[in-house]
């Protein structure tokens, strides 16, 4: 069984806050994704509020997102911190297939725009995604 190494996870409050403050924000239907480019290899963090549901529901979201990162981002050669925040309206219906359908194209775009993805960076689908980025960011565009 393969697991995503603990060193590739954001665990400190300061790392989450830096990603929120300095990162670029992307919105999808059920998630908000913050991306902060840096010098460290790809690290991810997951934030699920109590407003989403009880502990069972929150832990299910975290398991689904960890599996998504394990399958999707393990071979990415990108230097960035990524925080995924689950929106309140996500509900209980989300599963790995729906998460992959929603976050997959966004992560293709993020990995390509960070400039160091290993494959499929010039894919026509990945460059024409209908994802809105928050324009209030002080960082230069990715």
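Read the figures in this text as sums done on the coordinates, not as results from a lab. All of these numbers come straight from a predicted model, not from anything done at the bench. When we count neighbours, we look across all protein chains shown, and the Cβ atoms used for this are built from the backbone with ideal geometry, even at glycine.
Subtracting the Cα-Cα distance of residue 87 and residue 75 from their residue separation scaled by 0.36 nm leaves 1.6 nm.
Label sites at residue 101 and residue 62, each approximated as a point 7 angstrom past Cα along Cα to Cβ, lie 2.7 nm apart.
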